Amino acid sequence: MFKSIASLALLASSVAVSIAGPLPDIDPRDLAEPMPLVAREFELNQLQAREPEDFALEDRDLEARAGKTINAVATFDTLVAGGNTLTRAIGNYGALQWSGINVVKVGTNNLFGVNAYSKPNVAVYGAITNVLSNVPTIKTQYSGSKTASFSIDSFYFGCNAGTALTLVAAPTDCRLAIAGYDKSSKVIAYQSFIYRPAVAVTANMIKAQLNAQFKAPLDHVVILTSYSVGILGATLIDNFNYTVTAV
């Protein structure tokens, strides 16, 4: 994956990253067919009113709520995660399946990189977690699912130079694009966001407030990011605000 150990070490030792030009763009059409974009960009051979806490929503919570909607916030803080040099796949969580997205513990006193919005855990994807067959996707359909559809209100995100396994990471500019699909895999929602942190060793996440298109019943969403540092980037996500509709 990496051209040399030396180049990876050089990136890991960086404390601040800036860019001299525009960010690589993400064409909305790439999210309809995400594989070409990944190949090109990464070159890889408790149920109450919504609050800023992790509801740990489970499928059994939906069994007696057919046709009803439930608001939730995924903070990822109830998940078991390694330290900031170790990630674990999320899998089924919060009545959704998180594919190609891992969880990492960035801690409560972060010295480098993007800070968690709610500590200590964040969701993460990037060069270290992406493979061509595992595009970052959040979906309703999996074995035992009780979720008919979902919608998204907002989430927080930021980007690091390096990978999810880089201990010393620096905040870096990035462009995140998210596309929502219906059950026929037709794109029904699209939006992109730019993250431009100040040149510093740490930075806070920004809020991605989604447009009205993401209020429609979604079957799954695909999220992709292009980084100012090329393929060696990682996207961190926290406090994912969403609503699920039970089968």
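The values are calculated or read from the model by the stated rules, or taken from the named source; none is laboratory data. In this text the structure is predicted, and so the values were computed from the model without any measurement. Backbone-built Cβ (ideal geometry, glycine too); neighbour counts: all protein chains shown.
hydroxyl-bearing (Ser, Thr, Tyr), closer than 18 Å to ASN115 by Cα and assigned to a strand (DSSP E or B): does that describe SER226? When the stated conditions are applied, SER226 does not pass them.
Within region 196-222, track down each residue that is surrounded by fewer than 12 Cβ atoms within 10 Å (Cβ to Cβ) and outside any loop (DSSP other than H, G, I, E, B). Correct list: ALA212 only. Of the residues making up region 116-142, those that are part of a loop (DSSP other than H, G, I, E, B), surrounded by fewer than 20 Cβ atoms within 10 Å (Cβ to Cβ) and modelled with pLDDT of 90 or more are SER118, LYS119, PRO120, GLN141, TYR142.
So, in region 237-247, of the ones that are aliphatic (A, V, I, L, M) and either at pLDDT below 95 or farther than 17 Å from TYR195 by Cα (or both), which residue ends up surrounded by the most Cβ atoms within 10 Å (Cβ to Cβ)? Here the answer is VAL244. One residue alone among SER185, SER192, SER149 is at pLDDT 90 or above, surrounded by fewer than 24 Cβ atoms within 10 Å (Cβ to Cβ), closer than 19 Å to ASN241 by Cα and more than 15 Å from the chain's Cα centre (by Cα), and that residue is SER149. Tell me, please, whether a residue that is in contact with a helix residue (DSSP H, G or I) (Cβ under 6 Å, 6 or more places away or on another chain), closer than 20 Å to ALA72 by Cβ and of a type in the set (A, V, I, L, M) can be found in region 182-201. Within region 182-201, one or more residues are in contact with a helix residue (DSSP H, G or I) (Cβ under 6 Å, 6 or more places away or on another chain), closer than 20 Å to ALA72 by Cβ and of a type in the set (A, V, I, L, M).
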